[in-house]
Amino acid sequence: MLTSRVISPSFLPLPPTASTSSSSFSSLRTILSPFLAKTQLSYTRTSRMALSLTARAAANKLENADELIDSVETFIFDCDGVIWKGDKLIEGVPETLDMLRSKGKRLVFVTNNSTKSRKQYGKKFETLGLSVNEEEIFASSFAAAAYLQSIDFPKDKKVYVIGEDGILKELELAGFQYLGGPTDGDKKIELKPGFLMEHDHNVGAVVVGFDRYFNYYKIQYGTLCIRENPGCLFIATNRDAVTHLTDAQEWAGGGSMVGAIRGSTQKEPLVVGKPSTFMMDYLSNKFGISKSQICMVGDRLDTDILFGQNGGCKTLLVLSGVTSLETLQSPDNSIQPDFYTSKIADFLSLKAATV
Amino acid sequence: MTNGGREALTPQAARSLVDSVDVFIFDCDGVIWKGDKLIEGVSEALHTLRSLGKKFVFLTNNSRKSRKQYAKKFSKLGMEINEDEIFTSSFAAAMYLKLNNFPTDKKVYVVGEEGIKEELKLVGYESIGGPEDGKKSIQLESSFFFDHDKSVGAVVVGLDQHFNYYKLQYANLCIRENPGCLFIATNRDSTGNLTSLQEWPGAGCMVSAVSCSVQKEPVVVGKPSTFLMDFLLERFRIDVSRMCMVGDRLDTDILFGHNAGCKTLLVLSGTLYQIIQWPAQLALAGVTTLPALLDPSNSIHPDSYANDMSHFVQLLSQ
């Protein structure tokens, strides 16, 4: 009688904040040293640090909204599940944002969605009737370009993009040359005898994000660049497992494309989107604000809340998106925000209740 | 006797190996052939081993073809190998379902190529997906709803050169939403010698993509899982120590040998004639190079190693 003895190999896809062995980290450092200033290496480290060693107390239901509002100077909002769902605005959002602005609070919008550029997101906000400045929006597409700028990525090197238009637009704005993107989605390969796939040896970075045109050609092109071009960077806009492309259901997220490239290169990427603190550091530098003066508001524990915690700011989970109260309170969940509430419009209703 | 794999195979060790082994298990890509080209000296080497009374089987993680299709490939390359001497990860996936009593009224969604579909059909399972879904794309208007077959009870993921978002999302929905849906990976090789001139992304990419979106680990049926070893033991009815796995990858072939308890011989023909040699640590991700084998960070050691099959057999008469 045959029995199956199945043993899985030791390679597992790592969650964004799992720590990795020091030997792979040091090899990453050697490979990246031509382009990385010492300080920039912290983005790989913090984005992969294991969650804080001190156990956090369970999240408190938000009761005194005023107290929270008065204690911070800036609110960072995630978009999907907090401001909108698909193409629909969540109830009470415009009034809430107006109230916060009238109280002199700075508002910033940070999304892991890399399919649009800041300008394109600005248009989405406008269409939904919200007055938000492009300068207040930070998408992971922007983060990738900003990261390359922060490390003085040479302008004579190219970037290979496995991702969508948003990334291409932001790279262009920042003055970087790129290859790939949506048009490579039409390229096919034939594994015929004698076939050799060529790649541009001048590619110094591969940026991977959500890509609905993902295919085998792109996987091989990205892999060849990372393996064969000395010092080539592997940058991920984000590693979300699922994303809300439509409001009716969940869709496989950018984490899948990043997973595929990790699969072929067995290298860890530099993550610029949440929960990596890159965008938080960028914002606090740009606006001159200290982290303790910030409150991160999001609907996802493993990206938004972890981002806030890694960054050292206050955190508020809203239940208007992907996370339910049950998930928050489940014994399997170890990420506890400071507060939780049903939606951001509660700032208005809870405020009224305490008057 | 193992010498830790840090020394190349010597004539004496080669003779001792051959004396202590009745069955050789050969990997294919990088050992027997590269793409569609037979590696030099392989036919003669196999001939020599057969004349010494040795038996062999071929164990490949490449799921693109079925056993029957591989037998045809061997034949085209001038070697007459019977289909039941060939064990593929596509066969392994079908067998795994059969042995676990997967119901025939449930369907299998395939993120992979013809080989998987054929093997599933041979054991009586209906599969959807496969190469044709490579032509499908998604529309993202806000009203669009991606539907999926609720009777899919298993998703099998293997090497797929027609991989795309449609298949990824289909697999994602089946695994997340169909109660009890199995997630099976034929293998997780990061790369492979799919053509003679360079390495190509392996099943490891497709499997990782699906695994990252469903946030679950698959059951792996190909090397280094020992699932297929049970079939070999059943076939030959000898002690596992009298078998030797010959392969070109540490993290699949040699690890399989360690897990199963048989002897192991690494050949370097997977990378020996490669034009580009990666730095040792990056090379650990792909087919094994000599620097990668000898690098201090490598923890998987074969009993010994040789340049290729021809070299191994030449040592016997030195």
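Results for (1) modelled with pLDDT of 95 or more; (2) under 19 Å from the mean Cα position of the chain (by Cα); (3) closer than 25 Å to A:Lys105 by Cα, shown as yes or no for each residue.
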{"residue": "A:Phe278", "(1), (2), (3)": "yes, yes, yes"}
{"residue": "A:Leu283", "(1), (2), (3)": "no, yes, yes"}
{"residue": "A:Leu301", "(1), (2), (3)": "yes, yes, yes"}
{"residue": "A:Val322", "(1), (2), (3)": "no, yes, no"}
{"residue": "A:Phe339", "(1), (2), (3)": "yes, no, yes"}
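Restricting attention to the stretch B:232-264, the residues being under 14 Å from B:Ser20 (Cβ atoms), in contact with a Pro (Cβ under 8 Å, 6 or more places away or on another chain) and of a type in the set (D, E, K, R) number 0.
Checked against (1) in contact with a Ser or Thr (Cβ under 9 Å, 6 or more places away or on another chain); (2) of a type in the set (A, V, I, L, M, F, W, C); (3) touching a residue at least 40 places away in the same chain (Cβ under 8 Å), A:Leu89 meets all criteria but (1). Within the set A:Asp165, A:Asp200, A:Asp247, the sole residue that is in contact with a Gly (Cβ under 6 Å, 6 or more places away or on another chain), surrounded by fewer than 18 Cβ atoms within 10 Å (Cβ to Cβ) and on the phi < 0 side of the Ramachandran plot turns out to be A:Asp247.
Is there a residue in the stretch B:154-163 that is under 15 Å from B:Val111 (Cα atoms), at the interface with another protein chain (Cβ under 9 Å from one of its Cβ atoms), crowded, with 24+ Cβ neighbours inside 10 Å and without any contact (Cβ under 8 Å) to a residue 40 or more places away in the chain? No, the stretch B:154-163 contains no residue that is under 15 Å from B:Val111 (Cα atoms), at the interface with another protein chain (Cβ under 9 Å from one of its Cβ atoms), crowded, with 24+ Cβ neighbours inside 10 Å and without any contact (Cβ under 8 Å) to a residue 40 or more places away in the chain. Within the set of pairs 6 or more residues apart or between chains, which connect a residue that is under 16 Å from A:Leu68 (Cβ atoms) and surrounded by 19 or more Cβ atoms within 10 Å (Cβ to Cβ) inside the stretch A:311-333 to a residue that is β-branched (Val, Ile, Thr) and modelled with pLDDT under 95 with Cβ atoms less than 8 Å apart? Listed by first residue and then by second, the contacts come to A:Leu317/A:Thr323.
If you check A:Ile226, A:Ile235 for being within 9 Å of chain B (Cβ to nearest Cβ), hydrophobic (A, V, I, L, M, F, W, C) and touching a Phe, Trp or Tyr at 6+ places or on another chain (Cβ under 7 Å), only one passes: A:Ile226. Filter the stretch B:101-149 down to the residues that are over 21 Å from the mean Cα position of the chain (by Cα), within 14 Å of chain A (Cβ to nearest Cβ) and modelled with pLDDT of 95 or more and list them by number. Hits for the stretch B:101-149 are B:Asn101, B:Phe102, B:Asp133, B:His148. Of the helices (runs of 4 or more DSSP H) lying entirely inside the stretch B:1-102, those containing at least 1 residues that are of a type in the set (A, V, I, L, M, F, W, C) and without any contact (Cβ under 8 Å) to a residue 40 or more places away in the chain are B:67-76, B:89-99. Of the residues screened, A:Gly204 is not one that is at pLDDT 95 or above and within 7 Å of chain B (Cβ to nearest Cβ). For the stretch B:173-185, the criterion of being modelled with pLDDT under 95, surrounded by fewer than 20 Cβ atoms within 10 Å (Cβ to Cβ) and more than 9 Å from chain A (Cβ to nearest Cβ) is met by no residue. Taking the options A:Phe138, A:Phe176, name whichever one is in contact (Cβ under 8 Å) with a residue 40 or more places away in the chain and among the aromatic types (Phe, Trp, Tyr). Exactly one of A:Phe138, A:Phe176 is in contact (Cβ under 8 Å) with a residue 40 or more places away in the chain and among the aromatic types (Phe, Trp, Tyr), namely A:Phe138. Within the stretch A:254-280, the set of residues being facing another protein chain (nearest Cβ under 7 Å), surrounded by 24 or more Cβ atoms within 10 Å (Cβ to Cβ) and not aliphatic (A, V, I, L, M) comprises A:Gly255, A:Ser256, A:Gly259, A:Arg262, A:Gly263, A:Ser264, A:Thr265. In the stretch B:103-127, the residue that is farthest from B:Ala171 (Cα to Cα) out of those that are of a type in the set (Val, Ile, Thr) and touching a residue at least 60 places away in the same chain (Cβ under 8 Å) is B:Ile116.
Annotation: of all residues in the stretch A:203-220 being within 19 Å of B:Pro131 (Cβ to Cβ) and out of contact with any strand residue (DSSP E or B) (no Cβ under 6 Å at 6 or more places or on another chain), the one that is surrounded by the fewest Cβ atoms within 10 Å (Cβ to Cβ) is A:Tyr217. Looking only at the stretch B:264-318, residues that are farther than 19 Å from B:Leu194 by Cα, at pLDDT 85 or above and within 14 Å of chain A (Cβ to nearest Cβ) come to 8 in all. Tell me, which residue of the stretch A:196-242 that is among the polar types (S, T, N, Q) and assigned to a loop (DSSP other than H, G, I, E, B) is farthest from A:Thr303 (Cα to Cα)? Out of the qualifying residues, it is A:Asn202.
Scanning the stretch B:211-225 for residues that are at the interface with chain A (Cβ under 7 Å from one of its Cβ atoms), closer than 27 Å to B:His258 by Cβ and buried (at least 24 other Cβ atoms within 10 Å of the Cβ) yields B:Ser211, B:Val220, B:Val221, B:Pro224, B:Ser225. Here A:Phe210, A:Phe214 are screened, and the one residue that is over 24 Å from A:Leu191 (Cα atoms) and modelled with pLDDT of 95 or more is A:Phe210.
Among residues that are within 27 Å of A:Gly321 (Cα to Cα), basic (Lys, Arg) and touching a Gly at 6+ places or on another chain (Cβ under 6 Å), A:Arg212 is not included.
Of all residues assigned to the stretch A:87-105, at least one qualifies as being over 24 Å from A:Ser342 (Cβ atoms) and surrounded by fewer than 18 Cβ atoms within 10 Å (Cβ to Cβ).
The values are calculated or read from the model by the stated rules, or taken from the named source; none is laboratory data. This structure is a prediction, so every number in the text was calculated from the model and none was measured. In this analysis, Cβ positions are derived from the backbone assuming ideal geometry, glycine residues included, and neighbour counts consider all displayed protein chains.
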